[in-house]
Amino acid sequence: MSKGTVVLAYSGGLDTSCILVWLKEQGYDVIAYLANIGQDEDFEAARKKAESLGAKKIFIEDLRKEFVEDFIWPSVQANAVYEDRYLMGTAIARPCIARRQVEIARKEGAQFVSHGATGKGNDQIRFELTCYALYPEVKIIAPWRIPEFYNRFRGRKDLMEYAQKFGIPVPVTPKAPWSMDANLMHISYESGILENPKSQAPPDLYLMTKNPADSPNEPDVLEMEFRNGVPIKVTNETNGISKNAPLEIFSYLNEIGGKHGVGRIDIVENRFIGMKSRGIYETPGGTILLKAHLDIETFTMDKEVRRIKQGLGIKFSELVYNGFWYSPECDFVRHCIAKSQENVEGKVQLSVFKGQVYILGRESPKSLYNEELVRWVNFLGNVCVCLESSCVRLTPEALWAGSALTKVGKKPSIWLSIST
């Protein structure tokens, strides 16, 4: 008699293929679920493999569009960076994957969900907190935390022997001496030879970006248009190519960034579970977007609002990294950040070249930059300018920038008197 139905987050790789068969061995009916979030994967081959291993049903879901719009775009608005360097491509993807897993579990009446995340990483927490937030009654089977499983499979050799015993197709190419996680936003590399923090990454590790030294000798000049803090159009002024759909914009930025070797980092980070880990990341499109968004945001946002928003961005990054995307506090922070982006609108011109992103210029109908005032201050030279004194009274730009006065093309009076 079946113990119940479990929806397994399935990748088609050795680990989750063995988990699928092991769950069946334990008496569960298994639904295999594979999310397409932009990774280079033969999805039809994965479907056939899951069928051959006895999956009751197989769901292959194309989540690329919602990954960009519902998860990457809010992270762009937040300027989300964990510990000053990591753009969190994996952390942002996990709640997207788990959300659909829960939807399938509810639809199919499954009492269980399962994943192949290890007991030493962050992903187990990200998957499980999302599942519990969206489906509180669900039960989670995490094989790599179950003694019967991890005592049986102590390494790749044990998994390979199990695969041969149960007819699970095994990889025919040698496994790289590191682990890799890929999606539309990035590729991450860790473990294996990379566990020694002094060891340099071999040149053949990088799959998403060219070596900057080998990248083109001519830059790509882009113009990126923003509205509400997210890009709505990107135009390559070098060749005239233009994209205006979210998925197309992000994919194109990946293409340009990868071509010029943008977005490589090698860091040691603090995992939520209390250990440090070394990770190497390629995030070409996300790095271009971060630079462009920072520029248009500073151009259009009040100084004090931005100071508060910077703190919210740090908090958002910590919450997302630690798996709390669907927590009440993260929901609150996202709403506050979205409110801050209402006037983040305009165009940024930038150059992508040899691993770097160079800002060339910007323009916006919501700009708080007053060219006339800048010229006037420069003209005064070394004159002492004070607020609310006998020297000078200036109405702060921030107080009238969004007021009714500006809507009719007027500005408050600026009074000046110079004391001798």
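The set of residues in the stretch 100-111 being open to solvent by 30 Å² or more (accessible area, probe 1.4 Å) and either of a type outside the set (Lys, Arg) or under 22 Å from Ile146 (Cα atoms) (or both) consists of Glu103, Glu108, Gly109, Gln111. Here the stretch 83-99 is the region considered, the condition is being surrounded by fewer than 20 Cβ atoms within 10 Å (Cβ to Cβ) and not basic (Lys, Arg), and the residue that is farthest from Leu253 (Cα to Cα) is Glu83. Evaluation of Asp214 against the conditions (1) open to solvent by less than 80 Å² (accessible area, probe 1.4 Å); (2) modelled with pLDDT of 95 or more shows that the sole unmet condition is (1).
Pairing each residue of the stretch 162-187 that is closer than 23 Å to Lys65 by Cα with any residue that is assigned to a loop (DSSP other than H, G, I, E, B) and charged (D, E, K, R), provided the two are 6+ apart or on different chains, yields C-beta distances under 9 Å for Ala182/Asp40; Ala182/Glu41. The single residue among Thr16, Thr5 that is within 25 Å of Lys175 (Cβ to Cβ) and in contact (Cβ under 8 Å) with a residue 40 or more places away in the chain turns out to be Thr16. Please tell me if Arg278 is within 26 Å of Gly121 (Cβ to Cβ), open to solvent by 10 Å² or more (accessible area, probe 1.4 Å), in contact with a Pro (Cβ under 8 Å, 6 or more places away or on another chain) and not aliphatic (A, V, I, L, M). So Arg278 passes the test. Scanning the stretch 304-326 for residues being crowded, with 16+ Cβ neighbours inside 10 Å and polar (S, T, N, Q) gives a total of 2.
Yes/no per residue for (1) open to solvent by 50 Å² or more (accessible area, probe 1.4 Å); (2) touching a strand residue (DSSP E or B) at 6+ places or on another chain (Cβ under 6 Å); (3) closer than 29 Å to Glu269 by Cα:
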residue: Glu195; (1), (2), (3): yes, no, yes
residue: Pro203; (1), (2), (3): yes, no, yes
residue: Lys210; (1), (2), (3): yes, no, yes
residue: Val221; (1), (2), (3): no, yes, no
residue: Asn228; (1), (2), (3): yes, no, no
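Going by the structure shown, is Thr16 among the β-branched types (Val, Ile, Thr) and surrounded by 19 or more Cβ atoms within 10 Å (Cβ to Cβ)? It is true that Thr16 is among the β-branched types (Val, Ile, Thr) and surrounded by 19 or more Cβ atoms within 10 Å (Cβ to Cβ). Taking the stretch 302-336 as the range and being hydrophobic (A, V, I, L, M, F, W, C) and touching a helix residue (DSSP H, G or I) at 6+ places or on another chain (Cβ under 7 Å) as the test, the residues that pass are Val305, Leu312, Phe316, Leu319, Val320, Phe324, Trp325, Cys330, Val333, Cys336.
Within the stretch 35-57, residues that are under 20 Å from Gly167 (Cα atoms) sit with their Cβ atoms under 6 Å from residues that are in a helix (DSSP H, G or I), at 6+ positions apart or across chains, in these pairs: Leu53/Leu20; Leu53/Val21; Gly54/Lys24.
Listed by position, the helices (runs of 4 or more DSSP H) inside the stretch 248-352 whose residues that are free of Cβ contacts under 8 Å to residues at least 12 places away in the same chain and of a type in the set (A, V, I, L, M) number at least 1 are 303-321.
The values are calculated or read from the model by the stated rules, or taken from the named source; none is laboratory data. Keep in mind that what you see is a predicted model, and the values were worked out from it rather than measured. Cβ atoms come from the backbone with ideal geometry, glycine included; neighbour counts cover every protein chain shown. Just the protein is used for accessible areas: all its heavy atoms, side chains included, with ligands, DNA and RNA removed. Shrake-Rupley method; radii C 1.70, N 1.55, O 1.52, S 1.80 Å.
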